Amino acid sequence: MRDSLIIVGCFIAGVIVAVAGFMPEGLPLGDITTWGLYLLLFCVGLGLGMDETFFRTVKEIPLSSLLLPLYTVVGSLLGGLAAWFLVELIYSTPPVTLLDTAAVSSGFGYYSLSSVFLDEARGPFIATIALAANLLRELLTLLFAPLIRKGFGPFSVISAGGATSMDTTLPAVVANSGNAYAAVSVYHGFVLTVAVPFIVTFFISLY
Amino acid sequence: MLITILILLGGFLAGLLLQGRVKLPTGVITLVSICLLLFILGLEIGSNRQLLGNLPSMGLIALLVAVCTLLGSVTLTKFLTRRKKEEHGA
């Protein structure tokens, strides 16, 4: 939660600095974004590779829940499709395409990575939607975890958190579904964290 | 797309090799790079009047996507994990 606040704070600080007119002219924002993204990707991989508990965690997972990340991916993308239909209904000229919605939906709560990817590929409009949509998904999961547990079962709290089920929403999973679900939750978050760059870039490559 | 995959895999393999040998503050480096990138995203939006005017629209679409993806994933998971339990019981 503290990290989320810092991250959102940086975004808001950027908006304020620019609105106040303090931004230096001629900054190579595109280049900085590209290289920053490479550094970020390498660090994400490094962090996952160095995690000694990962393989131990995988051994504790019941075979029946190995497919859980797949349910989350398919369910989220179907939900994204529904969201696109709603956007079509609301706007006479929709500001986002079906592919945009699919790419934003593939953040699975991983707002930082999905938004910087889409900033490079599709510009700040889609990137900001990705940031807000995936941040909201994490917040909604934290807020409504008890309701989700009641209405949709113990595995659904994990699905709701998406990629964040390994860190920020893990406490909500443990509190509402039980300790037995911690290993599945970490495994699920790990798989989705790795999947986000692949699936988002897959949709970007379709443009 | 290929560069993305290669960098991520490269990081993962480097992590496996370094595992238990050195302690790197990957969490801090990740956080700092995310902060830098989102600060830049903020700069882009703040310096573009048209984008600033679009903030309500972006917020609405984001809320729709957040609610729909969350509901979609929990619904499918409910359906598929419940069916599995019934199979076990049978």
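In table form, for the structure just shown:
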item	result
Residue that is more than 7 Å from every other protein chain (Cβ to nearest Cβ), of a type in the set (A, V, I, L, M) and in contact with a helix residue (DSSP H, G or I) (Cβ under 8 Å, 6 or more places away or on another chain), where the choices are B:LEU13, B:LEU60	B:LEU60
Answer residue from the range A:48-65, given it is over 29 Å from B:LEU71 (Cα atoms) and at pLDDT 85 or above and is nearest to the other protein chains (Cβ to nearest Cβ) among those	A:GLY49
Pick from the range A:7-33, criterion surrounded by 14 or more Cβ atoms within 10 Å (Cβ to Cβ) and touching a residue at least 40 places away in the same chain (Cβ under 8 Å), ranking: nearest to B:ASN48 (Cα to Cα)	A:PHE11
Residue ranges of helices (runs of 4 or more DSSP H) in the range A:98-207 with at least 2 members among the charged types (D, E, K, R)	A:111-122, A:124-152
Some residue of the range B:29-38 being open to solvent by 70 Å² or more (accessible area, probe 1.4 Å), within 7 Å of chain A (Cβ to nearest Cβ) and not in a helix (DSSP H, G or I)	no
Residue satisfying all of: in the range A:92-127; among the β-branched types (Val, Ile, Thr) and modelled with pLDDT of 95 or more; nearest to A:ALA175 (Cα to Cα) among these	A:VAL104
Only listed residue being of a type outside the set (S, T, N, Q), touching a Ser or Thr at 6+ places or on another chain (Cβ under 8 Å), at pLDDT 95 or above and surrounded by fewer than 21 Cβ atoms within 10 Å (Cβ to Cβ), chosen from A:LEU142, A:LEU68, A:LEU89, A:LEU81	A:LEU81
Test for A:ARG137: is it farther than 18 Å from A:GLY9 by Cβ and within 8 Å of chain B (Cβ to nearest Cβ)	yes
Search result, residues across the range B:45-68 that are under 23 Å from A:LEU5 (Cβ atoms) and at pLDDT below 85	B:ILE45
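The values are calculated or read from the model by the stated rules, or taken from the named source; none is laboratory data. The structure displayed is predicted, hence computed values, not measured ones. Positions of Cβ are backbone-derived with ideal geometry, glycine not excepted, and every protein chain shown enters the neighbour counts. Heads up: the accessible areas ignore ligands, DNA and RNA and are worked out on the full protein's heavy atoms, side chains in. Shrake-Rupley method; radii C 1.70, N 1.55, O 1.52, S 1.80 Å.
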